[in-house]
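Worksheet: one structure, shown below.
The values are calculated or read from the model by the stated rules, or taken from the named source; none is laboratory data. Treat the numbers as computed from the prediction; the structure is a model and nothing was measured. FYI the Cβ positions are ideal-geometry reconstructions off the backbone, even for glycines, and counts take in every protein chain you see. When the accessible area is computed, the model is the full protein with side chains, heavy atoms only, and any ligands, DNA or RNA have been set aside. Shrake-Rupley method; radii C 1.70, N 1.55, O 1.52, S 1.80 Å.
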Amino acid sequence: MAKTVLVINSGSSSIKYQLVDLETGEGIASGLVEKIGEPIDGNYKHEYKGEKHKLTEPIHDHEQGLKRVLGFFKEYGPDLEESGIIAVGHRVVQGGSIFPNPALVNDKTIGKVKDLAVLAPLHNGPEAKGAEVMRSLLPDVPQVFVFDSSFFFQLPKEASTYALNKEIADRYQIRRYGAHGTSHEFVGSVVPELIGKPAEGLKQIVLHIGNGASASAQISGKPVDTSMGLTPLEGLVMGGRTGDIDPAVVFHLIRNAHMNVDELDALFNKRSGLTGMTGYGDMREVMRLADEGNEDAKLALDVYVHRIVAYIGNYTAQMGGVDVITFTAGVGENASPIRKMVIDRLAPFGVKLDEEKNNVHTSEPRVISTPDSSVIVAVYPTNEELAIARKSAKIAAAGKDSYGNVFEPADYSE
């Protein structure tokens, strides 16, 4: 019998899921639940064997949504028991300093994930709720938390520490945690085989650029630095986020625009970045506007690329060189003009793009630099679901995690 893992990504008003075949690494079935808890009808989408099934109805909470998802597996396939499900893996953005590794879901770990919502208020609460619900719906299947921040828990202290008053930093757990760690770790681990070089000693820069965007520097597969910090706001320009900005802008807006914390939070996280500069957070729309001559869109692309190039230069200096730069995630995998804009700015350092390979539209991993380029440039589609599935399967097979938690079927009997 095949072995599968159901990967769940619970958001505040949405749930994404994928059933992963551990042997082939492929997604067998996937789906999306949207508009949970909203006053309008929500949407379900479930896809299996090329067939797409949709449903529209009010979705009051995550429990209702996940019950319906399990119903889809029963009705449309595949049946979870017959597919050999051995675990459910839950993506969690923030593990703080508590979770450097994946953890079994139980009352204790659920509580800690909820506590860490102070560091990721938009993410950890819904992610804990999703795990809580799935544990009650599938009590005999091990549930595992996989943390996006775990990979960057290994950062050197010089990279993870802010030059903030130590007492305040310690008291309020303020440090650079990073995000997208599951993606950065996955891509960093598969690139050596793609380029035919040993992982040991390999100096990599991974650019995970989508609506959310981050960069990482890795040596021998271990993180040296990353662009996101205490929260996913720091770093590169994103769809709705500012990325790096002088913190004094906050003081300026409080004093002069009389904005409160919630207004500033929404401004920096949702109404800035590409959205704030052009009115569109979708890179395809921004590129279309730029092609039509829109000056705001042209500037937005220049700022976007400028920030990426700045991080490449920073990380190259920190690592004492770079062997390979890899683009991944939605923009990185699909926006060939953005890749070209970035690499063209590195031309003075001998980095050369193969224009023909760059313009090929494919989901296959590939090298897009010329053979005589000083740095290999690659595109490698990320697969966070597969990475989460593998980590969850390992915990399930062991029956315990690194924190001493042992899997016991949840008991919800009265």
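Here is how the number arises for the chain: DSSP H runs of 4 or more residues each give -39500 (n - 2.57), the sum is divided by the residue count, and the result at 222 nm is -11000 deg cm²/dmol.
Along the Cα-to-Cβ line of Asn359, 7 Å from the Cα, sits a label point; which residues in region 313-342 have backbone N less than 20 Å from it? Within reach of a label on Asn359, which here means backbone N under 20 Å from a point 7 Å along Cα→Cβ, region 313-342 contributes 332-342. Taken over the C-alpha atoms, region 302-414 has Rg and Dmax values of 20.4, 70 angstrom. Note on Glu82 and His53: with the Förster distance fixed at 25 Å, the Cβ-Cβ geometry gives a FRET efficiency of about 0.85. Pop the C-beta distance of Asp262 and Lys340 into the FRET formula with R0 = 41 Å and round what comes out to the nearest 0.05. Using R0 = 41 Å, I get an efficiency of 0.55.
For region 331-386 and region 224-263, what is the separation of their C-alpha centers, rounded to whole Å? If we compute the Cα centre of each part, the gap is 29 Å.
The lysine pair tally for region 294-414, using Cα distances under 19 Å and a gap of 8 or more places or different chains, is 4.
Each Lys and Arg Cβ is given +1 and each Asp and Glu Cβ -1; about its Cα centre, region 211-316 then shows a dipole of about 220 debye.
Take the Cα of His306, step 7 Å toward its Cβ, do the same at Asp107, and the gap between the two points is 5.5 nm. Counting only protein heavy atoms and a probe of 1.4 Å, the accessible surface of the chain is 51% carbon and sulfur.
Taking the inverse of the mean reciprocal distance over all distinct Cα pairs, the Kirkwood hydrodynamic radius of region 174-255 comes to 13.9 Å. Over the Cα atoms of the chain, the radius of gyration divided by the Kirkwood radius equals 0.96; this is the Rg/Rh ratio. What the pair-distance distribution of region 1-57 shows, using all Cα-Cα distances binned every 5 Å from zero, is 5, 19, 24, 21, 15, 10, 5, 2, 0 percent. A straight Cα-to-Cα reach below 17 Å connects Lys197 with the lysines Lys222, residues fewer than 8 places away in its own chain not being considered. Angle of helix 384-398 to the longest C-alpha principal axis of the chain, folded into 0 to 90 degrees and rounded to 10: 40°. Relative to the current alpha-carbon distance between Ala248 and Leu137, full extension at 0.36 nm per residue lengthens the span by 35.2 nm.
Take the chain with all the other protein chains still there, run a 1.4 Å probe, and you get 47 Å² of accessible area per residue. Dimensions of region 265-315 along the principal axes, based on C-alpha atoms and rounded to the nearest Å, stand at 33, 30, 15, largest first.
Sparse packing (at most 16 other Cβ atoms within 10 Å of the Cβ) combined with a DSSP loop state is found for the following GluC sites (Glu not before Pro) in region 36-117: Glu81, Glu82. For the chain, the antiparallel share of DSSP beta bridges with both residues in that region comes to about 70%.
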